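Undergrad: Structure provided below as structure tokens; questions to follow.
What follows is calculated from the coordinates using simple rules that are stated; it is not laboratory data. A quick note: this is a predicted structure, and the numbers were derived from the prediction, not measured. With ideal geometry, Cβ positions are generated from the backbone for all residues, glycine too; neighbour counts draw on all protein chains shown.
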Amino acid sequence: MREKIIEIFKKTAPETGDIEVSVPANDSLGHYSTNVAFRLAKSQKISPVEAGQKLKEKIMALPDADIFKKIDVVNPGFINFWLKDEVWYGELKEVLKRKSAYGKSRISNHKSNINLEFVSANPTGPLTMANARGGFLGDALANVLEFSGHKVTREYYINDAGNQIKLLGESVLAELGLMPRKAEHYQGEYVKEIAKQRKQQVKKMDREILSPELDALSSLLGHEVSRSFLGEIRKSLKNASIKHEIWRWEAQDIRRKKLPEKVVKKFEEQGLLIEHDGALWLKSGIVQEKERVVRKSSGDYTYIAVDLAYHLLKLRESDLAIDIWGADHHGNAAPLKKGLELLGENPGKLHIILMQLVRFIKDGKEIKISKRAGNFVLLDDLLKEVGADVARFLFLMHAPETHMDFDLALAKERSMKNPVYYVQYAFVRCGAIIQKVSSIKYQVSSKKNLKLLNTTEDLMLIRELSRFPEMVEDTARDYQVHRLTRYTTDVAKLFHNFYEKERIIPALRSFKSEGGGEKDKNLAAARLELVKATQIVLGNTLCLLGVTLPTKM
RNA sequence: GCGCUUGUAGCUCAAUUGGAUAGAGCGCUUCCCUCCGAAGGAAGAGGUUGUAGGUUCAAAUCCUGUCAAGCGCACCA
């Protein structure tokens, strides 16, 4: 719908450039509305209303203008459009025709190859509730982008190299009393558990390594343990229906291939490095105010060098890379982008979605989640506690930049009045009606006389359903997945409204003697089509979000 | 101290990226099942968008100051 209006503007007034067409809050301000007159007024030095009038006349002269019932230019200069009812009925037919493909983009020239990396939690413990938000967001966003015609690769990056793996090994050894405990070690029940399980194995390893160097032993053990954690992580992701296609390993895919070395070499060639105490530093003011180490005196590469190498690789493989990060990593964004630029890559090809940390509340108190301290609450617990659909929906309702509170008791306790159930209930109601109708006998002269749908409830619902393709398109462009979640509640609300007012089955069943005329039956049959369309659109949206479609509740 | 993010109804959050009368859910006050599932619907109360200025036809949104919260500022990753 919106597309059609924009098309018309392109023909009428190409000089206006990109046109914003929005849906006003109130019906009296049009089905669609635009503010182009303001911009035009500025360049032509006339009043916005005047500019609007001129545009209106031009549009009315076009043959395409017959889709409009009315065009109004109002103070201070908005142009409001009302579309003819037939146009809306046409879109409703489109929903019924395309079904699960409705809303799928048919534009093929915008197609790009997108790498979407999310979760990527270090395999130094099980997934926690803190990983849930990014996991659900990444999964849903990938669905939306694919639905919009892009080729999406869902990636999980595994930091299986570097210090934290060694620390993990040390933590287990310390637990077994084979080395002194340090403050930075991982603690908590899960480490104790691992230590118990690995006791025999560690003894054996200890004997096999002839000159038992603690470093080598802890690294080896750390790798072993992290590998088993990764198995746990994959299981948890599966429980949450979060899908990944590529699992990339830092040690094997980045470090062993000497990619960080190339990065440092390139910096060196440009004279950006300086040496202190055997370590190589990026000079101050290059990626940050301060100097920054890229290669340690030990010869190891630092996080930034490895990360640059990793992103360089991703950008080479795809047209666009999207990273979903927790806000606790935000400090890395600017240096990473700057570094990519210095390495000759276009930093605009990397889009980082920063997601604020969630505060989990239980019994009015915040639950602190920390893997090091060991007092975390697992993703699996969250799923068990409130259910996968509830968790997913509640996270996806909110914009990533909100510092959201997640009250576990509330999510569980209020579960019956939860927005997820509100939406799922609407979907179930659709199914129930369709099911029931299929089992009754009735005769109508015309099943699909959609023109009979002319009450406010009918038309509002039709218009809302028609917006679905626009919602998908916008979301694929700005990644604001919560728009779709909100949209499902909007559709559900309009449907519940419609449902309350118009009864279909009694009308179909009724006999002429009861006042049930031919026209009423045809109307009921048309309404059934609208119910089917609602089921399609709600179903499509929930599928994109990854929320299940129940048949009964 | 410096940087990033955020302050919107009692609570949790929206607001089509600068648009028209700032909207939902929960909670609160009233109604509505002889009727496709009441896990629903209708109505109402509730706001100086933290605060003080500025920019313009138009500001919750942009700029500056200020207050508050979260998170960062390693030869950790």
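Undergrad: Just list whichever of A:LYS69/A:LYS501; A:LYS243/A:LYS371; A:LYS54/A:LYS493 have alpha carbons separated by over 30 Å in the model shown.
TA: With Cα atoms farther than 30 Å apart: A:LYS54/A:LYS493.
Undergrad: Could I ask something else about it? Once you charge only the Cβ atoms, +1 for Lys and Arg and -1 for Asp and Glu, what is the size of the charge dipole of chain A about its Cα centre, to the nearest 20 debye?
TA: Using only the charged Cβ atoms, the result is roughly 1480 debye.
Undergrad: Separate question: Would you grab the residues whose amide H sits under 5 Å from the one on A:ARG295? Only those 5+ places off in sequence or on another chain, please, with H modelled 1.01 Å from N.
TA: A:LEU280, A:THR302
Undergrad: Further question: Please give me, ordered by residue number, the trypsin sites (Lys or Arg not before Pro) of the stretch A:348-393 that lie in loop per DSSP and have at most 12 other Cβ atoms within 10 Å.
TA: A:LYS368
Undergrad: Once amide H atoms are placed 1.01 Å from N in the peptide plane, what residues at a sequence separation of 5 or more from A:ILE367, or on another chain, have their amide H within under 5 Å of its amide H?
TA: A:PHE360, A:ILE361, A:LYS362
Undergrad: List the aspartates and glutamates whose Cα lies under 18 Å from the Cα of A:LYS296, skipping any in the same chain that are fewer than 8 positions away.
TA: Of all the aspartates and glutamates, those that pass the test against A:LYS296 - Cα under 18 Å, at least 8 places apart if same chain - are A:ASP215, A:GLU250, A:GLU261, A:GLU268, A:GLU275, A:ASP277, A:ASP307.
Undergrad: For chain A, find the longest principal axis of its Cα atoms and tell me its angle to the long axis of helix A:456-466, 0 to 90°, nearest 10.
TA: 40 degrees
Undergrad: On to the next question. Under 13 Å from the Cα of A:LYS84, which aspartates and glutamates turn up, not counting those fewer than eight places away in the same chain?
TA: Straight-distance partners of A:LYS84: A:ASP64, A:ASP66.
Undergrad: Here is a follow-up. Can you give the Kirkwood hydrodynamic radius for the stretch A:312-352, in Å, rounded to one decimal and based on Cα pairs?
TA: Computed over the stretch A:312-352, the radius equals 10.5 Å.
Undergrad: Out of every Cα-Cα pair in the stretch A:360-413, what percent are more than 19 Å apart?
TA: The share of Cα pairs beyond 19 Å in the stretch A:360-413 comes to 29 percent.
Undergrad: Roughly how many Å is it from the Cα centre of the stretch A:266-312 to that of the stretch A:377-431, as a whole number?
TA: Value for the Cα centre distance between the two parts: 44 Å.
Undergrad: With each run of n ≥ 4 DSSP H residues scored as -39500 (n - 2.57), what mean residue ellipticity at 222 nm is computed for chain A after dividing by its residue count and rounding to the nearest 500 deg cm²/dmol?
TA: Here the helix-only value at 222 nm equals -16000 deg cm²/dmol.
Undergrad: Using Cα positions and a limit of under 16 Å, work out the lysines in reach of A:LYS196, with same-chain residues fewer than 8 apart set aside.
TA: Cα-Cα hits under 16 Å: A:LYS204.
Undergrad: Work out Dmax and Rg for the stretch A:2-83 from the C-alpha atoms and quote the Rg first, both in angstrom.
TA: Taking only Cα atoms of the stretch A:2-83, I get Rg and Dmax of 11.5, 31 Å.
Undergrad: What's the local net charge at A:VAL358, with K and R +1, D and E -1, over the other residues with C-beta under 9 Å away?
TA: Here the charged neighbours net out to +1.
Undergrad: Name the trypsin sites (Lys or Arg not before Pro) in the stretch A:91-182 that are in a loop by DSSP and that have at most 13 other C-beta atoms within 10 Å, would you?
TA: A:ARG106, A:LYS111, A:ARG181, A:LYS182
Undergrad: Here's something else I'd like to know. Set Lys and Arg Cβ to +1 and Asp and Glu Cβ to -1, take the dipole of chain A about its Cα centre, and tell me which of A:CYS543, A:LEU484, A:PHE376 lies farthest positive.
TA: Toward the positive end, the furthest listed residue is A:CYS543.
Undergrad: Here are some pairs, A:LYS104/A:LYS238; A:LYS368/A:LYS412; A:LYS192/A:LYS262; which of them have Cα atoms lying more than 31 Å apart in this structure?
TA: In this structure, A:LYS192/A:LYS262 lie more than 31 Å apart at Cα.
Undergrad: Counting other Cβ atoms within 10 Å of each Cβ, which trypsin sites (Lys or Arg not before Pro) in the stretch A:207-270 have at most 15 and sit in a DSSP loop?
TA: A:LYS243, A:ARG256, A:LYS257, A:LYS258
Undergrad: Another question about this same structure. Mind grabbing the base-10 log of I(q)/I(0) for the stretch A:418-545 at q = 0.12 Å⁻¹? Debye formula, identical points on the C-alpha positions, no solvent, two decimal places.
TA: Rounded to two decimals, the profile gives -0.48.
Undergrad: Please state, to two decimals, what the Cα-based radius of gyration of chain A comes to when divided by 2.2 N^0.38 Å (N = residues).
TA: 1.21
Undergrad: Around A:GLY339, what is the net charge, scoring Lys/Arg as +1 and Asp/Glu as -1 over all other residues with Cβ under 12 Å from its Cβ?
TA: Residues close to A:GLY339 contribute a combined charge of +1.
Undergrad: Still on this structure, please answer the following. Would the stretch A:149-271 count as rounded, prolate or oblate if I go by the C-alpha gyration tensor, calling it rounded below 1.5 in a/c and otherwise prolate when a/b exceeds b/c, oblate otherwise?
TA: oblate
Undergrad: For every other residue with a beta carbon closer than 12 angstrom to the beta carbon of A:VAL23, add +1 if it is Lys or Arg and -1 if Asp or Glu, then tell me the sum.
TA: -3
Undergrad: Taking θ as phi - 60°, what are the ³J(HN,Hα) couplings along the stretch A:386-403 by the Karplus curve (6.51, -1.76, 1.60), each to the nearest whole Hz, with x for Gly and Pro?
TA: With the stated coefficients, the stretch A:386-403 comes to 10, x, 5, 5, 4, 4, 4, 5, 5, 5, 6, 6, 9, 5, x, 7, 7, 7 Hz.
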